[in-house]
Amino acid sequence: MPRVPWEQRRDKLSGALWVIPVLFMAGAIAVGGLLSLINIGPDSAIAPLLFRGHADEAQKVLLTVVGTLVGVLAFVIGLTMIALQVAANRYSPRLMRNFLRDRPAQIVLGLFVAAIIYNGAGVYIVGQPAGTADTNYPRLAVTVGLGLLFVCIAVLVFFVDHMMHQLQIDAVLARCRRSTMQTLATEPPGVGRNCGKQKFDMPPPWAIAVRARHSGYVQTIHPETLVAVADATQVTVRLVPTIGDHIVEGTPLARVWRTSPEQRVAEHGQLVRALAAAVTIGPRADHAPGRRARLHPNRRRRIAVAAHLRLSDRDPGHQRAVDAALQVQPVRHGR
């Protein structure tokens, strides 16, 4: 089985904001269950550092922590969405996608969710019947839950500072430059329009068409998968679209043929599955950050000039236009 489907799933999961919070939530439940089994005696060295009070008091503290964290999280997410919307309208819609893929933002959200789930589960664990004053409850678990409140306050300050820097035009330009240079430096040659000097034969009249299963933009192409299937079936495969092109469902995605019309291509189903694994078609042309393409130097310059004009037009200040030109300068020279 090819490894391409996993890479496609990894690209999708990296842009999902819920993955890390779900992992943190599961970890919080597991850690809370383990800490609830630990009973710290009064003679222990860390006993003075633990929460003091009865079980009903601990339950009220945990409920207060949960309510506080939920309110702060909702308030911060609302303000962040407003700031992102304003910045996306001013600079580029790419900012919203960058936020979804921003690892520090995912971790901060995960910590808040983990703290809420941990303290919410703690309310259930330390709960006692009304009117009782039981002192036998997991004090260590309650103390950790209270400590998570201060941890969330600290990461909240970090998150605000991080987002204020990420929304600046200098950071947007630098991130676009880094992602573009990584794509140009790491992707294999031979994929993409105007790449290289090698000329390819046109498909013969007896070539069969493998059609696209759905409409969208070509986001990634993994040529190693197609090469392996073409060698195994002894056929020639030529893709019709290239990176960034839009394709309509039912139109030719690739043309396949053998050297003579007498040699029929009988492995149509295998080729369809190989193309589905090798070519990712999605709703946006720039959705996958690791899309595989090697661009001709002239096309690099066209991309750089287009980025320069777009970014300088978004922020018409002279200094911003100069910053945009400086950021895309390495892309123009392929460095």
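Structural remarks
- In segment 199-251, residue farthest from residue 274 (Cα to Cα) [restricted to those that are in a helix (DSSP H, G or I), without any contact (Cβ under 8 Å) to a residue 40 or more places away in the chain and among the small types (Gly, Ala, Ser)]: 232
- Selection of segment 34-45 for residues being in contact (Cβ under 8 Å) with a residue 40 or more places away in the chain and either exposed (fewer than 13 other Cβ atoms within 10 Å of the Cβ) or not in a loop (DSSP other than H, G, I, E, B) (or both) yields 35, 37, 38, 39.
- Set 94, 103: member being of a type outside the set (A, V, I, L, M) and modelled with pLDDT under 90: 94
- Of all residues in segment 60-116 being part of a helix (DSSP H, G or I) and among the charged types (D, E, K, R), the one that is farthest from residue 31 (Cα to Cα): 90
- Positions within segment 234-259 being modelled with pLDDT under 85 and touching a Gly at 6+ places or on another chain (Cβ under 8 Å), in sequence order: 242, 243
- Yes/no for residue 83 being touching a residue at least 40 places away in the same chain (Cβ under 8 Å), surrounded by fewer than 20 Cβ atoms within 10 Å (Cβ to Cβ) and small (Gly, Ala, Ser): yes
- Residues satisfying the stated conditions in segment 87-105, i.e. among the small types (Gly, Ala, Ser) and farther than 18 Å from residue 158 by Cα: 87, 88, 92
So that you can scan it fast, the table gives a plain yes or no per residue for (1) buried (at least 17 other Cβ atoms within 10 Å of the Cβ); (2) in contact with a helix residue (DSSP H, G or I) (Cβ under 8 Å, 6 or more places away or on another chain); (3) acidic (Asp, Glu); (4) more than 22 Å from residue 9 (Cα to Cα):
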| residue | (1), (2), (3), (4) |
| --- | --- |
| 215 | no, no, no, no |
| 218 | yes, no, no, no |
| 246 | no, no, no, no |
| 254 | yes, yes, no, yes |
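- Look at (1) part of a helix (DSSP H, G or I); (2) surrounded by 14 or more Cβ atoms within 10 Å (Cβ to Cβ) and you find that residue 26 fails only one, number (2).
- Annotation note: Cβ proximity below 6 Å between a residue of segment 56-72 that is surrounded by fewer than 16 Cβ atoms within 10 Å (Cβ to Cβ) and a residue that is at pLDDT below 95 (sequence gap 6+ or interchain) occurs for 63/123.
The values are calculated or read from the model by the stated rules, or taken from the named source; none is laboratory data. The structure displayed is predicted, hence computed values, not measured ones. In this analysis, Cβ positions are derived from the backbone assuming ideal geometry, glycine residues included, and neighbour counts consider all displayed protein chains.
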